[in-house]
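Novice: Submitted below is the structure of interest, expressed as structure tokens.
The values are calculated or read from the model by the stated rules, or taken from the named source; none is laboratory data. Predicted model only: the values in this text are computed from it and were never measured. Glycine also receives a Cβ, built like all others from the backbone with ideal geometry; neighbour counts cover every protein chain displayed. Just so you know, the surface numbers come from the protein's heavy atoms only, side chains and all, with ligands and any DNA or RNA stripped out. Shrake-Rupley method; radii C 1.70, N 1.55, O 1.52, S 1.80 Å.
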Amino acid sequence: MGMLTPSTRTKGETLAPLIRIAGAEAELPPLLTDSLQEILTPGEQLLLAVRTDMTLDGTYDESWLIVTDRQIVVYDDIDRYAPDTPALQLPVTEVLSAKARHLYGNGTLELTTRTATIDIIRYSRSLSSAFETVASYLNKLVESGVEGLKDAELLAQKHPAEVNKCPKCGRTLPWGSNVCPFCVEKKKVLVRLLGYLKPYWALATFTLFLSMAVTGLGLMDPIMQKLLVDEAIGKHDLRLLVWIVIGYLGIHGINAVLHMLRGYYMSYMGQKVTYDLSTEVYAHLQKLSMSFYDKRQTGSIMTRVTGDVNRLQNFIVFGLQDTLIQILTVIFITVIVLTINWKLAAIALLPMPVVGFGTALFAKRIHKVYHRIWRRISEVNAILGDTIPGIRVVKAFGREKEETERFAAKQKELLDSHMQAVGLSSVFYPAMGFVMIIGAAFIWGYGGYRVIQETQGITAGGGSVGVLTLGDLLAFIGYMWRLYGPIQQLSRLSGMFQEAITSAERVFEVLDTQPEVQEAVQPVDIEIKGNIEFDNVSFGYEKGEPILKNINLTIKAGEMIGVVGASGAGKTTLINLLCRFYDVTEGAIRIDGVDIRQLSLRSLREQLAIVPQESFLFHASIAQNLAYGKPDATPEEIMWAAKMANAHDFIMEFPDGYDTRLGERGVGLSGGQKQRISIARAILMDPKILILDEATSAVDTETERLIQEAINRLVKGRTTIAIAHRLSTLKNADRIVVLEGGRIVEVGTHDELLSKEDGVFARLVRMQSEIARTHVV
């Protein structure tokens, strides 16, 4: 497929690439086909033909990337220039690696050649995923040739490139999101929100009944006013007057009690819904993979768990019931006023079409504004989430003024967005109110005229309409305002509805996000012995940007392995994969012969412990931090672990000892003290596999000695992988693995690697020795 030879190639022939990239595939234009037929050599195989929507200089126009088994060809801006001559022709043998670079609003495909690093083609964000796949295929071609791509077509069918576009409207999806804000079906969102009331349907029904009772009793006033004017006062009936007053007090007394009951039970239900929703969101956040958090700021996530959930609670509990009550009120009053006088009722209902049209227009515009407000709130919270935990850094660099200005700028954007909403609301609500006032003025005029005619003994319309008394008019006017009130309230609830829908979209986006690291359908629980195998493992945090490449490594149970390499070599990524924070892109990691993707996550992580480079301690007591991995640990076990980690002595120097409450992120302890507590926490777990990630970095010599003593006790009898920049700390390792550029370049004991004078490890040791001598001098 795609093989071209002089004997088979004819002018105008359609060329078929071997591999198709989802989202960027298209038929080659005839002119481009003719040009390719001129430059392709006998037996050359066409592998990729990818169209982009931008030129290299950033203009939106059509360009093409052609990849064969021998060369890479680029045609830039074929609409402006006839594609007789390609903009770039580069032999595949000259390429070392390919990378998809993500820029603001666009991206480029970057090639590293033997002589330079160049951008060869540009594309819009909508094609980012497609070109990540292209970069991945190019790297395979460079590393393994066409043989490495023999299953690429099958891979493309099984795992097509994810196009960062909404499949419905074609708009580019927000970064880090798989939900299109323009295509969310509000009816489905509303139905889903109602689902959170299902566990409390009996309570919801009861509060709805209370609401209807309160509303019904509230509609009694105009009727009683009519009786007062027409019957009691008009006929001088004192007995009736007394009963009207008693009835008035009784109705409002009952109404007050029902109001209290309704307020209490609705608030109770609201708190329960908030508890359920926020707990569900938080529990789902715990299940999501690290890649989810890589793409989002802490403040943005916190906004969804707190602010958005609270807005949804108000809408679910109060907004929905208020909407239903207002609709029922409008229906009840409409029936009542029609029975009083249908002509006046018709006049009263004249503003309704105008109000309905205005509300629909307002809802459409305000929804976009609320989306903008939400983004601004998230940005403000993101700044707070960055600067408050990092206040020491801010003060150390004297950046208080700049951070304040940055915060003020975001607050100004939030203010402007809020003022847009205020501007729309300040025009809409008074305008709708004035429309209703016009209707009221007509009622006053026509109703007053009718009453005057009746008092003069003249029945307008020849008596066919019926008598309109002063009491009827007063009752009608009373109901009219009760009719316009709910209509105005419904228009206001429209804004609340749009705000709630915006929040619901954000919350449901989190709930609908599936973790990339999935539990196996039938997960396996095993007692881990500690044998580890990395089988041809490759991985990249972004497609087309591999961090680890073809890692093959076998570790025996109880063995201590040191991992060294320059920054960015892939050391931490290696342990991230072993912990299954991410899943491998290719290959497999096995523990005791079982693929870790088949192990239950809980079983894996309960038998594996990490001592990270930067120890994270919680805002809790020292004892609670020590027992975090084993909550049921006894005080004796906690104290034993602290002694093993050389932490007991400094803990006992605090007035409250193990009950000393630490500040956020362990404020109150030195770096070395935090590290020893982290080691004690790992000791207490008694893991089968131990990972040490730069455990002795950034500490003084005495503290390093204490930490190293603790580590020596900790590693006994368990498989250990130790990452270290201080290479001298790995002398006791059974083997040392050297990473460079995401590949294993050396494996051996400390002495074996040191004896290779031209080796990477030996070079790193010499560099550290020279630096150490310089510091001594």
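Novice: List the number of the failed condition for Ala440; all other conditions in (1) open to solvent by less than 70 Å² (accessible area, probe 1.4 Å); (2) at pLDDT 80 or above; (3) of a type in the set (A, V, I, L, M) hold.
Specialist: Here Ala440 meets the rest and fails (2).
Novice: Would you pick out the residues in segment 717-759 that are open to solvent by less than 50 Å² (accessible area, probe 1.4 Å), of a type in the set (A, V, I, L, M, F, W, C) and without any contact (Cβ under 8 Å) to a residue 24 or more places away in the chain?
Specialist: Matches in segment 717-759: Leu753 only.
Novice: I would also like to ask the following. Open to solvent by less than 10 Å² (accessible area, probe 1.4 Å) and of a type in the set (S, T, N, Q) - does that describe any residue in segment 510-526?
Specialist: Within segment 510-526, not a single residue is open to solvent by less than 10 Å² (accessible area, probe 1.4 Å) and of a type in the set (S, T, N, Q).
Novice: While we're looking at this one, here's another question. Residue under question is Ile120, and the condition is that it be over 32 Å from the mean Cα position of the chain (by Cα), open to solvent by less than 40 Å² (accessible area, probe 1.4 Å) and under 19 Å from Glu38 (Cβ atoms); does it hold?
Specialist: It is false that Ile120 is over 32 Å from the mean Cα position of the chain (by Cα), open to solvent by less than 40 Å² (accessible area, probe 1.4 Å) and under 19 Å from Glu38 (Cβ atoms).
Novice: Now a separate question. Would you confirm whether or not segment 541-550 contains a residue that is under 29 Å from Ala762 (Cβ atoms), touching a helix residue (DSSP H, G or I) at 6+ places or on another chain (Cβ under 7 Å) and not in a strand (DSSP E or B)?
Specialist: Within segment 541-550, one or more residues are under 29 Å from Ala762 (Cβ atoms), touching a helix residue (DSSP H, G or I) at 6+ places or on another chain (Cβ under 7 Å) and not in a strand (DSSP E or B).
Novice: Next up: What number of residues within segment 612-639 are open to solvent by 70 Å² or more (accessible area, probe 1.4 Å) and either free of Cβ contacts under 8 Å to residues at least 12 places away in the same chain or among the small types (Gly, Ala, Ser) (or both)?
Specialist: Within segment 612-639, residues that are open to solvent by 70 Å² or more (accessible area, probe 1.4 Å) and either free of Cβ contacts under 8 Å to residues at least 12 places away in the same chain or among the small types (Gly, Ala, Ser) (or both) number 5.
Novice: Filter segment 138-161 down to the residues that are open to solvent by less than 20 Å² (accessible area, probe 1.4 Å) and at pLDDT 80 or above and list them by number.
Specialist: Within segment 138-161, Leu138, Asn139, Leu141 meet the criteria.
Novice: Are there any pairs with C-beta distances below 8 angstrom linking a residue in segment 582-611 that is over 19 Å from Leu692 (Cβ atoms) to a residue that is of a type in the set (Phe, Trp, Tyr), with the two at least 6 apart or on different chains, and if so which?
Specialist: Tyr582/Phe539; Tyr582/Tyr541; Val584/Phe539; Thr585/Phe539; Glu586/Phe539; Gly587/Phe534
Novice: Quick check on Leu203: is it within 60 Å of the chain's Cα centre (by Cα), surrounded by 15 or more Cβ atoms within 10 Å (Cβ to Cβ), modelled with pLDDT under 85 and not acidic (Asp, Glu)?
Specialist: Here the answer is no, as Leu203 does not meet what is asked.
Novice: Could you check segment 604-660 and list, in sequence order, the residues that are within 27 Å of Ala724 (Cβ to Cβ), acidic (Asp, Glu) and under 38 Å from the mean Cα position of the chain (by Cα)?
Specialist: Of everything in segment 604-660, those that are within 27 Å of Ala724 (Cβ to Cβ), acidic (Asp, Glu) and under 38 Å from the mean Cα position of the chain (by Cα) turn out to be Glu606, Glu614.
Novice: Same structure, new question: Please determine whether any residue of segment 244-263 is among the hydrophobic types (A, V, I, L, M, F, W, C), open to solvent by less than 50 Å² (accessible area, probe 1.4 Å) and in contact with a Pro (Cβ under 6 Å, 6 or more places away or on another chain).
Specialist: No, the conditions are met nowhere in segment 244-263.
Novice: Is there a residue in segment 541-563 that is surrounded by 18 or more Cβ atoms within 10 Å (Cβ to Cβ) and in contact with a Pro (Cβ under 6 Å, 6 or more places away or on another chain)?
Specialist: Among the residues of segment 541-563, not one is surrounded by 18 or more Cβ atoms within 10 Å (Cβ to Cβ) and in contact with a Pro (Cβ under 6 Å, 6 or more places away or on another chain), which makes the answer no.
Novice: Given (1) buried (at least 18 other Cβ atoms within 10 Å of the Cβ); (2) closer than 30 Å to Gly439 by Cα, where does Val335 come up short, assuming only one miss?
Specialist: For Val335, the exception is condition (1).
Novice: Still on this structure, please answer the following. Yes or no: Ile78 at pLDDT 75 or above and surrounded by 12 or more Cβ atoms within 10 Å (Cβ to Cβ)?
Specialist: Answer is no for this residue.
Novice: Conditions: (1) in contact (Cβ under 8 Å) with a residue 24 or more places away in the chain; (2) loosely packed, with under 13 Cβ neighbours inside 10 Å; (3) more than 45 Å from the chain's Cα centre (by Cα). Asp294 meets all but one. Number of the miss?
Specialist: Unmet condition: (3).
Novice: Please list, ordered by residue number, the helices (runs of 4 or more DSSP H) wholly in segment 338-432 having 2 or more residues that are modelled with pLDDT under 80 and surrounded by 15 or more Cβ atoms within 10 Å (Cβ to Cβ).
Specialist: Helices (runs of 4 or more DSSP H) meeting the threshold: 342-348, 352-387.
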